[in-house]
Amino acid sequence: MNTNSFILIIFWLIAFFSFYKYYKIQRKINNLEEYVATCSDILIKNTYNRKYYIYYYEVNYQNNKYVLQDKLILPFLKGRIKINEDYKIYINLKNGQDYVTPMEVMTYKLYLFISIALIVIPLFWLY
């Protein structure tokens, strides 16, 4: 196997994984209901080798308050969500553990674009 074929296979495996992540989030969004969530708090937790950003969201539905959280490791996405701002969130209120966080809503289409790019670019670059 030559190096061009090996590089092409690696790119396509990463593209497949990226498209699978997009498909999984898109399918989950289609099965849940859309609500508006307000970011109530951002907690920064330092461990020995990592820094976590934990976002807390409040969703009001029929005079009930639901509190959900999202934990991120990636520091370059930390400025996208701010306290006391409203964001779209998808929730199954019958099962409170089944939800799609606002950060996933903002970035799930990025997975699709990455997978398309990783399929098309190597074809022009290698051949």
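The values are calculated or read from the model by the stated rules, or taken from the named source; none is laboratory data. Keep in mind that this is a model prediction, so the values were computed, not measured. Reconstructed Cβ throughout: ideal geometry from the backbone, glycine too, with neighbour counts over all protein chains shown. These accessible areas exclude ligands, DNA and RNA; they are computed on the full protein's heavy atoms, side chains included. Shrake-Rupley method; radii C 1.70, N 1.55, O 1.52, S 1.80 Å.
Identify, please: which residue in the stretch 92-127 is touching a Lys or Arg at 6+ places or on another chain (Cβ under 8 Å) and part of a helix (DSSP H, G or I) and is, among those, farthest from residue 67 (Cα to Cα)?
Out of the qualifying residues, it is 111.
Taking the stretch 19-35, which residues are touching a residue at least 40 places away in the same chain (Cβ under 8 Å) and farther than 21 Å from residue 71 by Cβ?
Passing the criteria: 19, 26, 31, 33, 34.
Out of the stretch 52-72, which residues are over 17 Å from residue 103 (Cα atoms), part of a strand (DSSP E or B) and open to solvent by 90 Å² or more (accessible area, probe 1.4 Å)?
Answer for the stretch 52-72, where residues must be over 17 Å from residue 103 (Cα atoms), part of a strand (DSSP E or B) and open to solvent by 90 Å² or more (accessible area, probe 1.4 Å): 60, 65.
Inside the stretch 1-51, can you point out the residues that are more than 23 Å from residue 87 (Cβ to Cβ), in a helix (DSSP H, G or I) and open to solvent by 60 Å² or more (accessible area, probe 1.4 Å)?
3, 6, 9, 10, 12, 13, 14, 16, 17, 19, 20
Check the stretch 79-86 and report whether any residue there is under 12 Å from the mean Cα position of the chain (by Cα) and outside any helix (DSSP H, G or I).
no
If you scan the stretch 106-127, which residues turn out to be in contact (Cβ under 8 Å) with a residue 12 or more places away in the chain, surrounded by fewer than 17 Cβ atoms within 10 Å (Cβ to Cβ) and under 14 Å from the mean Cα position of the chain (by Cα)?
Passing the criteria: 106, 107, 109, 112.
On the basis of being touching a residue at least 12 places away in the same chain (Cβ under 8 Å), in a loop (DSSP other than H, G, I, E, B) and among the hydrophobic types (A, V, I, L, M, F, W, C), does residue 89 make the cut?
Answer is no for this residue.
Which is over 30 Å from residue 5 (Cα atoms), touching an Asp or Glu at 6+ places or on another chain (Cβ under 8 Å) and at pLDDT 85 or above, of 87, 57?
Details: 87 fails: touching an Asp or Glu at 6+ places or on another chain (Cβ under 8 Å).
Only one candidate qualifies: 57.
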